[in-house]
Structures are given as C-alpha cells and as structure tokens.
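Asks: Below you'll find the structure I mean.
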Amino acid sequence: MRTQVGIIGAGPAGLLLSHLLSQKGIDSVIIESRSRFYVEGRVRAGVLEQGTVNLLVDAGLGQRLMKEGMHHHGIEVRAGGESHRIDLDSLTGGKGITVYGQQEVVKDLISVREQQNGEMIFEAQDVEILGIHTKKPKVRFSQAGDQHELECDWIAGCDGFYGVSRNSIPESEIRSFSREYPFAWLGILVEAPPSSDELIYANHENGFALHSMRSKERTRNYIQCDPHDKIEDWSENRIWEELHSRLETIPGWKLLEGKILDKGITPMRSYVCETMNCGRLFLAGDAAHIVPPTGAKGMNLAISDVRYLSAALVAWYESKSEGLLAQYAENCLRHIWRGEHFSWYMTKLLHKFPDGSLFDERLQKSELEYLFRSEAASKSLAENYVGFSFE
Ligand code: FAD
Ligand code: DHB
C-alpha cells in the first residue's frame, strides 16, 4: 500500500487533517486502532472556540454544526455562595463559544471522508512506525489477522496521549514537560434539559463541579473525584448528591436530574512534548500535549495544530518548500503553551487540592474574589476562554 500522508488515529486531529489535505488534492490513509462505532460514540469535549468553528465551517463542515451547535455569550462561575457571570461577548468584543459535542465533530468528519472515498482503516492492530529518518517512512499494522505495510512521504501521529507515535521518537530526542494533579473528573451524560442557559463552573469545599450541555434535551455534568476512584465507587445516588451540593449554592437554582446515559472518570494532567517533529514524523493533538479539561482547550489545540500541519504539508506538495514544516513545532507551541497556562490557571482556581495548605486555600479565595470584583481579571479569563489569537 502507498499514500502521500499516513495518518495514525481517527480522532478530531487525524480526521480533520485528512479532510484538509484532500481538499488540496493530497492523498492520505487513516489508521485507527478502535472501531468506527467506538470512535463515533466516545463522549468527550464539548466547547469549540470561535476560531475552531470558523475553520470547520470554512472546510465545509458547518452544516450540522451551525444548526445544532449552541452559541454561548457567557459562562458562570460559582464560589463561596456567590455567582459571577463572565460576559464573553462584551469582554472580548463579540466573541463567544459554541457547545457542540466532539463526537458530533468526529461523525461529521467521518461522514465527509466516506463521501469522498477517503481511506480509513478501523480496528488496526500492532501499529508500528518505521524509517522516520528515511524519505519513505512506513506504517506497519495488522487487520483481521493480515499484516500490512503502508509506504508514505510523511506520517502524522494523531493517535492521542496513549498512542504509538510519540514513542517512535528516540527518547534522547524528546523534550517534554508534565504535571500531574491529585484529582480526576467524573463525567456523566444525562437525558435532561439544561438547568441553565450557560455553562456553570463551581468551586465548592467538596470539590469542583461543572454543569454543561449537549442539546436542549441532554446535559453533561462533571465532578472532581479522587484519581484512584473506580466508576463502581460512584452510585447514581452519590453522583447526584454531590452535584446538587456543589452546584446548588445559589438561592432558587435547581439542577434537573435525568437518566444517566454515559459515565466515566478522566485523569488530569498537563503535558507538552515540544519535540513535535522528528524526521518525517509530525505529532498533532493529544499525541503531543494534554491539558486538564477545566479550560476546555484540548480539542481546540488539536485543531490548531492541524491547521499548521495541513498548511505546511500543502506548501511542500505545491512547491517542495520545507519552511512551514520546519516552523511547525514553533508555530503550534505558542498556542499550546497559552492553552497549558490557561488550563492550569482554571484548574488551580476551581479545584479543591487535597494536599493544599491553608495558605494555598487563602490564595485561591483571594484569586476568586479578585475575579468576581475586577473587570480586568474577568476580561483576561474571557479572552483566554474564547481562544487567544496571536495574529
Ligand atoms: P484523540 O481524540 O484521543 O484521538 C486519537 C485517536 O487515535 C483515537 O481515536 C484512538 O483510538 C486512536 N489511537 C490510539 N492509539 C492508536 C494506535 N496505536 N494506532 C492507531 N490509532 C490509535 N477539549 C476541548 O477542546 N474542549 C472541551 O470541552 C474538552 N472537554 C473534555 C472533557 C473530557 C472529559 C476529556 C477526556 C477531554 C476533553 N477535551 C476537551 C479534550 C479533547 O477531548 C482532546 O483534546 C481531543 O480528543 C484530542 O483529539 P486528538 O485527535 O488529538 O486525540
Ligand atoms: C465541557 C468540558 C469541559 O472540559 C469544559 O471546560 C466545559 C464543557 C463539556 O464536555 O461540555
């Protein structure tokens, strides 16, 4: 088998890269370890920055997104029995965010790749990357018991944090940074209408909680839990009890319950692999960096990487120019580190740190008070939340 760009992973990064390349007449093959059913059903991110929406719309992927996506002009932060609305609209000169599930983005992308006969290989096993320092790198994998080798000009590692791509770079060449957090998020998808028009981020003495949504009929709620907790430790009663206590801190506000359709626990970490390119292998999205989900940045950063990678590959195919490929990591990393900082800030602001000192608690309280009282602090949060533009 042969293609121009071999793409590992059918998450938002890999699928979008394949689509953007095909719009410029460049062939790619996507190799994914999971089934299409699994990939389309995986419940994850929900918040798209305006820049992400614009890119998807410009790429012809706006049909369902514009109809079903919910544009939000603000978010609410609750702490210490008070509520503070961050008016994204007025603080950022008219920008906002769109709530549209990652799995919907993935479905839209798979559908468009399918219509255009783009090759997607699902349920690939034993995926291996070979010869990244040669001009013809290869992806070796097996599927349904048969061994295959895909020869490429370039390989894009879009296989998430636990994929094989990053590990194909010699360890001595990897420059990386990481931070673990002493908590995780338990997320549920619920058949119930949203209890609020906007997302609610809550700081509570029991821990963080978030009320989000997917549609007029479905909500998505998260609670901070112990990173060692198993999902079986959390009965439905216990989940609802904690959500009610942590979110219902404003007189008269009630959280609507409903049937839980999906639940899972996600660990939290910050990680950046600055070595986003090695020979003919490029990393994009969670394969190169992870943020704690509090700032809603992960998928937006993955899409930002793909914007740079697709432009760099197109320039190479059109004029054999290597300039943008050489600048790829540097261009992406400005956005990545901004997203890392903001996600760390939101995480620090809103979570209960089990190992935190009283001094840390006082600092957090003061930071929240500053946010609630200072327009400059709200403006900074808003500017980062909708997506900071370096242009
Ligand atoms: P992934 O989506 O992880 O895709 C990688 C793909 O590669 C997967 O399909 C995987 O099966 C496949 N793969 C893995 N290993 C192999 C292999 N060896 N061979 C072949 N294929 C392989 N981000 C936001 O922007 N906004 C949010 O609101 C937000 N909320 C979040 C909430 C939660 C609870 C979580 C967990 C994440 C959230 N994120 C959010 C982060 C976002 O989901 C990720 O950043 C995003 O999925 C990254 O996309 P990706 O394509 O890089 O990686
Ligand atoms: C959602 C996830 C986030 O991480 C976040 O900050 C806001 C919303 C969500 O899944 O809806």
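The values are calculated or read from the model by the stated rules, or taken from the named source; none is laboratory data. Quantities reported herein were computed from a predicted structural model and do not represent experimental measurements. A quick note on method: Cβ atoms are made from the backbone with ideal geometry, for glycine too, and the neighbour counts reach across all protein chains shown. Each accessible area value is taken on the protein alone, full model and side chains, heavy atoms only, with ligands, DNA and RNA left out. Shrake-Rupley method; radii C 1.70, N 1.55, O 1.52, S 1.80 Å.
Asks: Suppose only helical runs count, i.e. DSSP H with n ≥ 4. What mean residue ellipticity at 222 nm does that imply for the chain under -39500 (n - 2.57) per run, divided by all residues and rounded to the nearest 500 deg cm²/dmol?
Replies: On the way: 11 runs with 140 residues, N = 391.
Computed ellipticity for the chain at 222 nm equals -11500 deg cm²/dmol.
Asks: Follow-up. Dipole of the chain, Cα-centred, from +1 at each Lys and Arg C-beta and -1 at each Asp and Glu C-beta, to the nearest 20 debye? Please list the in-between numbers first.
Replies: Values: 43 positive and 55 negative charges, 92 e Å.
In debye, rounded to 20, the chain gives about 440.
Asks: Could you state the number of Å between the C-alpha centres of the range 355-370 and the range 30-106?
Replies: 30 Å
Asks: To continue, here is another question. For the range 123-212, which trypsin sites (Lys or Arg not before Pro) pass both filters: DSSP loop (anything but H, G, I, E, B) and at most 13 other C-beta atoms within 10 Å?
Replies: Working: sites: Lys135, Lys138, Arg140, Arg166, Arg175, Arg179; in loops: Lys135, Arg175.
For trypsin sites (Lys or Arg not before Pro) across the range 123-212 that sit outside H, G, I, E and B with at most 13 neighbouring Cβ atoms in 10 Å, the list reads Lys135, Arg175.
Asks: What is the magnitude of the charge dipole of the range 150-298 about its Cα centre, with +1 placed on the Cβ of each Lys and Arg, -1 on the Cβ of each Asp and Glu, and no other charges, expressed in debye to the nearest 20?
Replies: Numbers: 16 positive and 23 negative charges, 51 e Å.
Using Cβ point charges on Lys, Arg, Asp and Glu, the range 150-298 gives about 240 debye.
Asks: Let me ask something additional. Suppose each label sits 7 Å from its Cα in the direction of the beta carbon; what would the Ser176-Lys136 distance come out to in nanometres?
Replies: That separation, rounded to one decimal, is 3.1 nm.
Asks: Taking the Cβ-Cβ separation of Tyr370 and Lys67 as r and a Förster radius of 56 Å, what is the calculated FRET efficiency to the nearest 0.05?
Replies: Working: r = 39 Å, r/R0 = 0.70.
Computed FRET efficiency for Tyr370 and Lys67: 0.90.
Asks: Using Cα-Cα distances under 8 Å and only pairs 6 or more residues apart, what relative contact order does the chain have, in percent? Each step should come with its number before you reach the end.
Replies: Values: 774 pairs, mean separation 78.7, N = 391.
Relative contact order of the chain: 20 percent.
Asks: Projected onto the charge dipole of the range 238-368 (+1 at Lys/Arg Cβ, -1 at Asp/Glu Cβ, origin at the Cα centre), which of Trp253, Leu368, Gly356 gives the Cα projection farthest towards the positive end?
Replies: Sorting the options by dipole projection puts first Trp253.
Asks: Also: Explain nothing, just the number: dipole magnitude of the range 261-318 about its Cα centre with +1 on each Lys and Arg Cβ and -1 on each Asp and Glu Cβ, in debye rounded to the nearest 20.
Replies: Working: 5 positive and 5 negative charges, 27 e Å.
Charge dipole of the range 261-318: 120 debye, to the nearest 20.
Asks: Report, in degrees rounded to the nearest 10, the 0 to 90 angle that the Cα long axis of helix 298-319 makes with the longest principal axis of the chain.
Replies: 20 degrees
Asks: Round to the nearest 10 and report in Å² the accessible area of Ile174, as given by a 1.4 Å probe over the protein chains' heavy atoms.
Replies: Approximately 40 Å² for this residue.
Asks: Can you compute 3J(HN,Hα) from phi for each residue in the range 20-35, using the Karplus curve 6.51 cos²θ - 1.76 cosθ + 1.60 with θ = phi - 60°, rounded to whole Hz and x for Gly and Pro?
Replies: Ordered by residue, 3J(HN,Hα) equals 5, 5, 5, 5, 10, x, 9, 7, 8, 10, 9, 10, 10, 7, 9, 7 Hz.
Asks: Taking the chain as the reference, fit the longest principal axis to its C-alpha atoms, fit the long axis of helix 358-373 to the helix C-alpha atoms, and give the angle between the two in degrees, 0 to 90, nearest 10.
Replies: 90 degrees
Asks: May I ask for the net charge around Gly74, where only other residues with Cβ less than 12 Å from the Cβ of Gly74 are counted and Lys, Arg are +1 while Asp, Glu are -1?
Replies: With Lys, Arg at +1 and Asp, Glu at -1, the net is -3.
Asks: Compute the relative contact order of the range 30-169 as a whole-number percentage, counting only Cα pairs closer than 8 Å that sit 6 or more residues apart in sequence.
Replies: On the way: 182 pairs, mean separation 34.2, N = 140.
In percent, rounded to a whole number, it is 24.
Asks: Right, another one. In terms of modelled amide H atoms, which long-range or inter-chain residues lie less than 5 Å from the amide H of Ile31?
Replies: Ile7, Ile8, Gly9, Ile121
Asks: Have a look at Gln147, Tyr345, Gly264 and report the one farthest towards the positive end of the charge dipole of the chain, computed about the Cα centre with Cβ charges (Lys/Arg +1, Asp/Glu -1).
Replies: Working it through, the farthest residue towards the positive pole turns out to be Gln147.
Asks: Still on this structure, please answer the following. What is the spin-label model distance, in nm, from Lys216 to Lys259 if the labels are put 7 Å beyond Cα along the C-beta direction?
Replies: 2.0 nm
Asks: So what is the relative contact order of the range 152-257, in percent, for Cα pairs below 8 Å that sit 6 or more residues apart? It would help to have the intermediate numbers written out before the result.
Replies: On the way: 128 pairs, mean separation 25.9, N = 106.
It comes to 24 percent, rounded to a whole number.
Asks: Here is a further query. Would you kindly find the accessible area of Leu358, with a 1.4 Å probe and non-protein molecules such as ligands, DNA and RNA excluded, rounding to the nearest 10 Å²?
Replies: Solvent-accessible area, nearest 10 Å²: 120 Å².
Asks: Kindly report the accessible area of the chain per residue (heavy atoms of protein chains, probe 1.4 Å, no ligands, DNA or RNA), in Å².
Replies: On the way: 17570 Å² over 391 residues.
Each residue of the chain exposes 45 Å² on average to a 1.4 Å probe.
Asks: Counting only protein heavy atoms and using a 1.4 Å probe, what share of the accessible area of the chain belongs to carbon plus sulfur, as a whole percent?
Replies: Working: 8380 of 17570 Å².
The value for the chain is 48 percent carbon and sulfur by accessible area.
Asks: Restricting to the chain, what percent of DSSP beta bridges are antiparallel, rounded to 5?
Replies: Working: 55 of 75 bridges.
If we restrict to bridges inside the chain, about 75 percent are antiparallel.
Asks: What is the chain by shape, rounded, prolate or oblate, if you read a ≥ b ≥ c off the alpha carbon gyration tensor as root eigenvalues and call it rounded for a/c under 1.5, prolate for a/b larger than b/c, and oblate otherwise?
Replies: Note, shape of the chain comes out prolate.
Asks: A further question follows. If we count every other residue with Cβ under 14 angstrom of Leu20's Cβ, Lys/Arg +1 and Asp/Glu -1, where does the sum land? Before the final figure, lay out each step's value.
Replies: On the way: positive: Lys24, Arg113, Arg307; negative: Asp27, Asp58, Asp108, Asp305, Glu318.
Around Leu20, the surrounding residues sum to -2.
Asks: Another question about this same structure. Give me the net charge for the shell around Arg140: Cβ to Cβ below 11 angstrom, other residues only, Lys and Arg +1, Asp and Glu -1. Could you put the intermediate results ahead of the total?
Replies: Numbers: positive: Lys138; negative: Asp126, Glu128, Glu149, Glu151.
Summing Lys and Arg as +1 and Asp and Glu as -1 gives -3.
Asks: Distance between Cα centroids, the range 228-276 to the range 132-173: provide it in whole Å.
Replies: Value for the Cα centre distance between the two parts: 35 Å.
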